[in-house]
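J.: Structure provided below as structure tokens; questions to follow.
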There are 2 protein chains.
Amino acid sequence: MSPALLLALAASPLGFAPQAAVPASPLASWNDGPARTAVLEFVERVATPGSDDFVPVAERIAVFDNDGTLWAEQPIYFQAAFAFDRVKAMAPEHPEWKQAQPFQAILEGDLKTALAGGEHALLEIVMATHAGMTTDAFEGIVTDWIATARHPRFDRPYRECVYQPMLELLAYLREHGFETWIVSGGGIEFMRPWAEQVYGIPPQQVVGSGIKTRFELRDGQPVLVRLPEIDFIDDKEGKPVGIQRHIGRRPIAAFGNSDGDLQMLQWTAAGPGPRLALYVRHTDAEREWAYDRESPVGRLDKGLDEAQAKGWTVVDMKRDWKRVFPFETR
Amino acid sequence: MSPALLLALAASPLGFAPQAAVPASPLASWNDGPARTAVLEFVERVATPGSDDFVPVAERIAVFDNDGTLWAEQPIYFQAAFAFDRVKAMAPEHPEWKQAQPFQAILEGDLKTALAGGEHALLEIVMATHAGMTTDAFEGIVTDWIATARHPRFDRPYRECVYQPMLELLAYLREHGFETWIVSGGGIEFMRPWAEQVYGIPPQQVVGSGIKTRFELRDGQPVLVRLPEIDFIDDKEGKPVGIQRHIGRRPIAAFGNSDGDLQMLQWTAAGPGPRLALYVRHTDAEREWAYDRESPVGRLDKGLDEAQAKGWTVVDMKRDWKRVFPFETR
């Protein structure tokens, strides 16, 4: 039974839904306003048979950034928290890390120094923690972490720090024939182990950054070994490239929150027929965080200008969302 | 209406199907025998709720090689015929090709000399004909070619030189909740424009070899430009890598015809639970071609040994298929 139908059932005084029940309120955690209206009108246009803007189901592809769009990305990317936790867990096997940056700083809890090495240091951390094992082993490591690690501010599992309005949007689109995809700068194999349970998005609909793998027979058993070598960076200009590589069809709807998503929104919006390009803007310092043009994480600057110039939909988190996280009690 | 239901309808003396109609004969172009039985029994095991070997729909992933498995690959790979046709079509813009191999030989119809340059010559031909345009332009070129080019032996469009029993197998698997994927050494963007119409496989379920692309804004319009640089070779050890990259989940059924598919079958067969690994063996010189251990195209040598050692299913085309191509009249 769909959540919408369950809701209708619960709301019925007789305890059953009338035969022609219309789901009472799609996008229930969205306030009435221009963002919610833009989404509802777009979906009605493309999904109504006979409409001038009708789009066949096979072409209803919607792409979502992950960090800052589906789940939070503060105070640091959750995948960075994962990598730091891995450094700590692996430290006993790496006594040399006690005297080698950036590992020493991570072990001492000094993230500022750890990140002072910039991109090179980050790459070292990623390769030390994400490569050198089989794909099956890495999946197990991520699955264990996501089940237990908790967000420092909310003291909730990271997997609960997802945006309730976006979960509703994913479900709403799927109910209307859309295939929903993640297209994230984050690691593809970091997201796949939990994306199906958390977002309803199966592994084959996750696009992300990745490292190379190598097929090997070990004692006659085939394995895929994760190598310390970048294969693909799914960010900025890389996002349309990743979309073409994995989907091979231009999406008709794209959802992001930062300049890293700009090219994905441009690529989506430039196709023929009806298009929805939407930015989530972080404006709610109380329930979440407020940041955009100056933020080192999730900067939204050029993208905001282009959204305004092109009339793209901009969600103002504070204004447009009744509830941010599923765990909020209101 | 499904083809199976149509069949049942046509077969009914009263012109309608009984309510509980069971499709009379799945895999109608397959002769009764061990290969057909192996497929039917496998599908029944994984798709019957309550069965010890039941597999949830989300995990019912089936992967198919293309050349020699879904469509023919003789006298040359169809994509090579496409590339040669492109060289001829592009020759007026490249007067230098009249004196430069391998192009000169192609223009003179001397394929032996054209291919004498080996891998390097092939790469030159591929880059000259497959790169240097936008993804949209290349899609148009392939779409035009596949609509008109004809197979030299059968004098039929290449898209009709597909195996009728495999079309039935694709449909049968999908009717039982499988997601069907192509995992081919051929070009991913060469297959996508027609795979949906010919096989019912959408572009996002096509994995293949590919070249790099670059995102650009041209007069403010975003395009993806195809670059003369290999991105990925989806053959042999590359096939499990491509499967992991695109699907992120191990298939439970794999279908191939050559040593290039061996690692894909190994990877698929090595997972837990019920597995189907199947080789199509080309044994029918009359209706198609007969080739295996010695063939330069589609060699099946190591794979055949391993299939016999591991008890994988081997289709003997001559023995197991009632009909090879849809256009055969019998």
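The values are calculated or read from the model by the stated rules, or taken from the named source; none is laboratory data. Note that the coordinates shown come from a computational prediction; the quantities given were computed from them, not determined experimentally. FYI the Cβ positions are ideal-geometry reconstructions off the backbone, even for glycines, and counts take in every protein chain you see. For the accessible areas, the whole protein counts, side chains as well, though only heavy atoms, and no ligand, DNA or RNA atoms are used. Shrake-Rupley method; radii C 1.70, N 1.55, O 1.52, S 1.80 Å.
J.: Once the Cβ-Cβ distance between B:Glu286 and A:Ile76 is put in as r, and R0 is 45 Å, what FRET efficiency do you end up with, to the nearest 0.05?
T.: Working from the Cβ atoms, E equals 0.10.
J.: Another question, then. Which distances, shortest first and in nm, link A:Asp219 to the matching position in the other copies, using label points set 7 Å out along Cα to C-beta?
T.: So the distances to the same position in the other copies read 6.4 nm.
J.: Could you pull out every residue, at least 5 positions away or on a different chain, whose amide H is within less than 5 Å of the one on B:Val183? Hs are placed 1.01 Å off N in the peptide plane, and Pro or chain starts have none.
T.: Amide H to amide H, under 5 Å and 5 or more residues apart or across chains, B:Val183 pairs with B:Phe64, B:Asp65, B:Asn66, B:Val207.
J.: Taking loop as defined by DSSP and a crowding limit of 16 other beta carbons within 10 Å, which GluC sites (Glu not before Pro) in the stretch B:84-188 fit? Mind dumping the intermediate values first?
T.: Working: sites: B:Glu93, B:Glu96, B:Glu108, B:Glu119, B:Glu124, B:Glu139, B:Glu160, B:Glu168, B:Glu175, B:Glu179; in loops: B:Glu108.
Listed in order of number, the matching sites are B:Glu108.
J.: Kindly identify residues of the stretch A:131-167 having a loss of at least 20 Å² in accessible area between the isolated chain and the assembly of all protein chains, probe radius 1.4 Å.
T.: A:Thr135, A:Asp136
J.: Show me the chymotrypsin sites (Phe, Trp or Tyr not before Pro) within the stretch B:122-206 that DSSP assigns to loop and that have at most 16 other Cβ atoms within 10 Å of their Cβ.
T.: Working: sites: B:Phe138, B:Trp145, B:Phe154, B:Tyr158, B:Tyr163, B:Tyr172, B:Phe178, B:Trp181, B:Phe190, B:Trp194, B:Tyr199; in loops: B:Phe154, B:Tyr163, B:Phe178.
Sparse-neighbourhood loop chymotrypsin sites (Phe, Trp or Tyr not before Pro): B:Phe154.
J.: Quick one: if the Förster radius is 30 Å, what FRET efficiency do B:Glu294 and B:Glu119 give, using the C-beta to C-beta distance and rounding to 0.05?
T.: That pair, B:Glu294 with B:Glu119, gives E of 0.90.
J.: Where is the GNM fluctuation largest for chain A (alpha-carbon springs, 10 angstrom cutoff): A:His151, A:His120, A:His282?
T.: With Cα springs under 10 Å in chain A, the top fluctuation among A:His151, A:His120, A:His282 is at A:His120.
J.: Starting from a label point 7 Å past Cα on the Cβ side, list the distances from A:Gly117 to the same position in the other copies, nm, shortest first.
T.: With the label placed 7 Å along Cα→Cβ, A:Gly117 yields 4.6 nm.
J.: Still on this structure, please answer the following. Considering only DSSP beta bridges whose two residues both sit in chain A, what percent are antiparallel, to the nearest 5?
T.: So the antiparallel bridges amount to about 40 percent of the total.
J.: Between chains A and B there is a rotation axis; tell me the chain A residue with the nearest beta carbon and how many whole Å away it sits.
T.: Taking Cβ atoms only, the nearest residue and its distance are A:His246, 3.
J.: With viscosity set to 0.692 mPa s and temperature to 37 °C, compute the Stokes-Einstein D of the stretch B:97-159, Rh being the Kirkwood radius across alpha carbon pairs; µm²/s, no decimals.
T.: Details: Rh = 13.3 Å.
D = 247 µm²/s.
J.: For the pairing of chain A with chain B, what total accessible surface becomes buried, with a 1.4 angstrom probe, in square angstrom to the nearest 100? Write out the running numbers ahead of the final one.
T.: Values: alone 16060 and 16040 Å², together 29180 Å².
The contact between B and A buries close to 2900 Å².
J.: As an exercise, use a Förster radius of 30 Å and the Cβ-Cβ distance of A:Phe54 and A:Asn31 to find the FRET efficiency, rounded to the nearest 0.05.
T.: So the FRET efficiency works out to roughly 0.55.
J.: Under the √(5λ) rule applied to the eigenvalues of the Cα gyration tensor, what semi-axes describe the equivalent ellipsoid of chain A? Give them in Å, descending.
T.: Working: eigenvalues 257, 96, 92 Å².
Working from the Cα gyration tensor, I get semi-axes of 36, 22, 21 Å.
J.: Let me ask another. Considering only DSSP beta bridges with both partners in the protein assembly as shown, what is the antiparallel share in %, to the nearest 5?
T.: Values: 28 of 66 bridges.
Close to 40 percent.
J.: OK, next. From the label point of B:Gln101, set 7 Å from Cα along Cα→Cβ, how far away are the matching label points in the other copies, in nm, ordered shortest to longest?
T.: Distances between equivalent label points, in nm: 5.7.
J.: Relative contact order of chain B, please, whole-number percent, based on alpha carbon pairs below 8 angstrom and at least 6 residues apart.
T.: The value is 21 percent.
J.: When the helix-only estimate is applied to chain A (DSSP H runs of n ≥ 4, each -39,500 (n - 2.57), divided by the residue count), what is the mean residue ellipticity at 222 nm, nearest 500 deg cm²/dmol?
T.: Computed ellipticity for chain A at 222 nm equals -11500 deg cm²/dmol.
J.: Indicate, rounded to the nearest 5 percent, the antiparallel portion of the DSSP beta bridges found entirely in the stretch A:214-314. Walk me through the numbers on the way to the answer.
T.: Working: 7 of 13 bridges.
In the stretch A:214-314, DSSP labels about 55 percent of beta bridges as antiparallel.
J.: The stretch A:124-201: which trypsin sites (Lys or Arg not before Pro) are DSSP loop and have at most 14 other beta-carbon atoms within 10 angstrom?
T.: Filter output for the stretch A:124-201: A:Arg153.
J.: Another question about this same structure. Given a 1.4 Å probe, how much area per residue of chain B is accessible, in Å²?
T.: On the way: 14580 Å² over 330 residues.
Each residue of chain B exposes 44 Å² on average to a 1.4 Å probe.
J.: May I pose another question? Counting alpha carbon pairs within less than 8 Å and at least 6 residues apart, what relative contact order, in whole percent, applies to the stretch B:154-214?
T.: 32 percent
J.: Right, another one. Using square roots of five times the C-alpha gyration tensor eigenvalues, list the equivalent-ellipsoid semi-axes of the stretch B:174-268 in whole Å, biggest first.
T.: 27, 17, 11
J.: Follow-up question, since we're still on this one. For a test of the definition: using alpha carbon positions, the gyration tensor, and the 1.5 limit on a/c, classify the stretch B:23-69 as rounded, prolate or oblate.
T.: Taking the square roots of the gyration eigenvalues as a ≥ b ≥ c, the stretch B:23-69 is oblate.
J.: Give, in nm to one decimal, the length gained when the segment between B:Lys302 and B:Lys88 is fully stretched (0.36 nm per residue of separation minus the Cα-Cα distance).
T.: The span from B:Lys302 to B:Lys88 would gain 73.3 nm if fully extended.
J.: Taking amide H atoms as placed 1.01 Å from N in the peptide plane, list the residues 5 or more away in sequence, or in a different chain, whose amide H sits under 5 Å from that of A:Asp231.
T.: Result for A:Asp231 returns A:Gly210, A:Ile211, A:Lys212.
J.: In Å, what is the Rg of the alpha-carbon atoms in the protein assembly as shown, and how long is Dmax?
T.: 26.7, 85
J.: In debye, nearest 20: dipole of chain B around its Cα centre with unit charges on the Cβ of K, R (+) and D, E (-)?
T.: Using only the charged Cβ atoms, the result is roughly 400 debye.
J.: Now, a different point. Please label the shape of the stretch A:272-330 as rounded, prolate or oblate, based on the square roots a ≥ b ≥ c of the eigenvalues of the alpha-carbon gyration tensor (a/c under 1.5 means rounded; beyond that, a/b larger than b/c means prolate, else oblate). Spell out each step's value before the answer.
T.: Numbers: a/c = 2.85, a/b = 1.43, b/c = 1.99.
In terms of gyration-tensor shape, oblate.
J.: Over 21 Å between Cα atoms, which of A:Lys212/B:Lys236; A:Lys302/B:Lys212; A:Lys236/A:Lys302; A:Lys236/A:Lys322 qualify?
T.: On the way: A:Lys212/B:Lys236 16 Å; A:Lys302/B:Lys212 26 Å; A:Lys236/A:Lys302 12 Å; A:Lys236/A:Lys322 30 Å.
Exceeds cut-off: A:Lys302/B:Lys212; A:Lys236/A:Lys322.
J.: Using θ = phi - 60° and the Karplus relation 6.51 cos²θ - 1.76 cosθ + 1.60, list the HN-Hα couplings for the stretch A:103-115 in order, rounded to whole Hz, with x at every Gly or Pro.
T.: Whole-Hz 3J(HN,Hα) from phi for the stretch A:103-115: 5, 4, 4, 4, 5, 8, x, 9, 5, 4, 5, 4, 8.
J.: Same structure again: Roughly how large, in nm² to one decimal, is the mean projection of the convex hull of the alpha-carbon atoms in the stretch A:59-130?
T.: Working: hull surface 24.4 nm².
Seen from a random direction, the Cα hull of the stretch A:59-130 projects 6.1 nm² on average.
J.: Here is a follow-up. Nothing charged except the Cβ atoms of Lys and Arg (+1) and of Asp and Glu (-1): what's the magnitude of the dipole of the protein assembly as shown about its Cα centre? Round to the nearest 20 debye. Write down the numbers at each step before the final one.
T.: Numbers: 68 positive and 92 negative charges, 162 e Å.
Rounded to the nearest 20 debye, it is 780 debye.
J.: At a 1.4 Å probe, which residues in the stretch A:237-254 are at least 50 Å² less accessible with all protein chains present than in their chain isolated?
T.: At a threshold of 50 Å² (probe 1.4 Å), the residues of the stretch A:237-254 that become less exposed are A:Val241, A:Gln244, A:Arg245, A:His246, A:Arg249.
J.: Leaving out ligands, DNA and RNA, what percent of the accessible area of the protein assembly as shown is carbon and sulfur, probe 1.4 Å?
T.: 53 percent
J.: Hey, another quick one. Kindly give the semi-axes, whole Å and largest first, of the ellipsoid equivalent to the stretch B:227-273, taking each as the square root of 5 times a Cα gyration tensor eigenvalue.
T.: Computed over the stretch B:227-273, the values are 21, 13, 7 Å.
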